[in-house]
């Protein structure tokens, strides 16, 4: 099984080696591109050299793609928004600016 990895901008000499447990711990953040550049590079380097982790990452990437493809657009529900705003106001929250609330003062 082949996985395609993005090109890293971190020099190979600056990439720390990580073990499988660390790579798997970073799996979803890596797939969501939520790691900083050095951690992304560490995971990428690990995947290039580890025959055991590649299939796990390929499966997770495919799963994430399938989930993303199955999502449907949902129209915002104005009635729900109004109920949430009313509930927050009833609990003492006040609008700081449109779309935000400050907690009640104690």
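The values are calculated or read from the model by the stated rules, or taken from the named source; none is laboratory data. In this text the structure is predicted, and so the values were computed from the model without any measurement. Here the Cβ positions follow ideal geometry from the backbone for every residue, glycine too, while neighbour counts run over all protein chains shown.
The residues on offer are 41, 37, and the sole one that is touching a residue at least 24 places away in the same chain (Cβ under 8 Å), surrounded by 15 or more Cβ atoms within 10 Å (Cβ to Cβ) and either outside the structural domain of residue 22 (by TED's automatic domain parsing) or under 23 Å from residue 19 (Cβ atoms) (or both) is 41.
The set of residues from region 49-89 being over 19 Å from the mean Cα position of the chain (by Cα), within 27 Å of residue 26 (Cα to Cα) and surrounded by fewer than 11 Cβ atoms within 10 Å (Cβ to Cβ) comprises 49, 51, 52.
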